[in-house]
Amino acid sequence: MKLILTREIAGLGLAGDIVEVADGYGRNFLVPRGAAITWTKGAEKQIVQIKRARDAREIRDLGHAREIKADLEKLAVTLTARAGKDGRLFGSVTTADVADAVKRAGGPLLDKKRIQLPGHIKTLGPHDVTVDLHPDVVASVPVTVTPV
């Protein structure tokens, strides 16, 4: 089955790529979740729009990824969250929370799908969060969770 990916799928491709997958995988997983659309000549025109949106938020090259990594590792990112008196959070910190905190700290706008949390962050204090900027570049961002 030929599909056009609408978002990045690990091990398969990036948004705008035309991929060939098994019929069941495409019909039962990718298409219902909005990760892909079926390939047609008319749908192929949408590839230009998808790739243009991808390029707008994509890291240009390895050098650009290294620059962003250096900027991220210098940041002092602080998140505030509601917590009990024993230091446990009411809920947990999400990748979207980290992306917003990085932006507020003066860092670049990050795609929350590229942020990897060290398990569930459910306690106050320092935590190391990794960001996959490029296949060869991974940044480690120190995030401190403080009570409100």
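The values are calculated or read from the model by the stated rules, or taken from the named source; none is laboratory data. All figures in this text were calculated on a predicted structure; none of them were measured in a lab. Cβ coordinates were reconstructed from backbone atoms using ideal geometry, including for glycine residues, and neighbour counts include every protein chain displayed.
Taken over segment 117-148, the criterion of being of a type in the set (A, V, I, L, M) and not in a loop (DSSP other than H, G, I, E, B) is satisfied by Ile121, Val129, Val131, Leu133, Val137, Val138, Ala139, Val141, Val143, Val145.
The set of residues in segment 2-35 that are farther than 22 Å from Lys112 by Cα and of a type in the set (Lys, Arg) comprises Lys2, Arg27. Considering segment 104-148, the residues that are charged (D, E, K, R) and modelled with pLDDT of 90 or more include one that is surrounded by the most Cβ atoms within 10 Å (Cβ to Cβ), namely Lys122.
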